[in-house]
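Taking it in order: structure first as structure tokens, then the write-up.
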Amino acid sequence: EVWVSEVSAEAGKLRLTQYEGQMHAPQDLSEFVGVDPYEWIDGEIKVIVPTGFLVELQSPTGSQGTGLVHLTQIREGWVDNPFDEGQVGQKVQVWVQSVDVANGRMRLSMRELGTSSGAQAVNNVLPFLDVFPSEWLSGVIKEVRRAGFVVG
């Protein structure tokens with residue numbers, strides 16, 4: 001069983017998890033809400049994980065926050081291994097894709113605005129917008145990928 005942790009109707013994607021609860025309170029990212037997506041912000045790679053970079057940055061008002069640059073947002077083209085693309089302590093420029101204040105998550109990108117990682121079909125995930133995070137769903141793992149599972 002899984003639960004829906006994030007829905008992106010624009011991208012036609014949803015994020016599922018089997019992790020219930022959080023180990024610590026989410027970071028306060030409210031100062032990053034409404035940041036101009038055309039504004040590049042200086043950041044620093046703090047951690048490299050198989051799914052991308054955790055980058056620390058400062059909001060225009062001076063608040064610190066950490067967000068994920070998913071491996072598909074590191075650069076144009078296929079990124080197989082984020083460990084080959086950057087190093088801890090490296091200064092980078094990012095823009096804020098989205099902020100989830102309730103869960104303390106921020107999606108960042110290092111790619112030029114308007115670039116895409118290839119043509120992909122957009123799935124209709126609108127029916128999942130009203131699913132509560134506490135509601136468990138049943139599914140079947142269709143494919144195992146480096147960054148997780150495709151569930152149907």
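The values are calculated or read from the model by the stated rules, or taken from the named source; none is laboratory data. For clarity, every value in this text was computed on a predicted model and none was experimentally measured. Quick reminder, even Gly has a Cβ in these numbers, built from the backbone with ideal geometry, and neighbours come from all protein chains shown. Protein only, heavy atoms only, side chains kept; ligands, DNA and RNA dropped before computing areas. Shrake-Rupley method; radii C 1.70, N 1.55, O 1.52, S 1.80 Å.
Residue by residue, here is whether (1) closer than 23 Å to GLY148 by Cα; (2) touching a Ser or Thr at 6+ places or on another chain (Cβ under 6 Å) holds:
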position	(1), (2)
SER59	no, no
GLN64	no, no
GLY67	yes, no
GLU76	yes, yes
VAL94	no, no
GLN97	yes, yes
GLY104	yes, no
LEU108	yes, no
So which residues in region 61-109 are closer than 23 Å to PRO133 by Cα and open to solvent by 20 Å² or more (accessible area, probe 1.4 Å)?
THR66, LEU68, HIS70, GLN97, SER98, VAL99, ASP100, VAL101, ALA102, ASN103, ARG105, ARG107
From the residues in region 83-140 that are modelled with pLDDT under 90 and among the aromatic types (Phe, Trp, Tyr), which one is farthest from the chain's Cα centre (by Cα)?
TRP136
Checking GLU31 against (1) modelled with pLDDT of 90 or more; (2) within 16 Å of the chain's Cα centre (by Cα), the condition it does not meet
(2)
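Looking at the structure I just gave you, is THR51 among the hydroxyl-bearing types (Ser, Thr, Tyr), open to solvent by 50 Å² or more (accessible area, probe 1.4 Å) and on the phi < 0 side of the Ramachandran plot? Lay out the reasoning, then the answer.
Values: among the hydroxyl-bearing types (Ser, Thr, Tyr): yes; open to solvent by 50 Å² or more (accessible area, probe 1.4 Å): no; on the phi < 0 side of the Ramachandran plot: yes.
When the stated conditions are applied, THR51 does not pass them.
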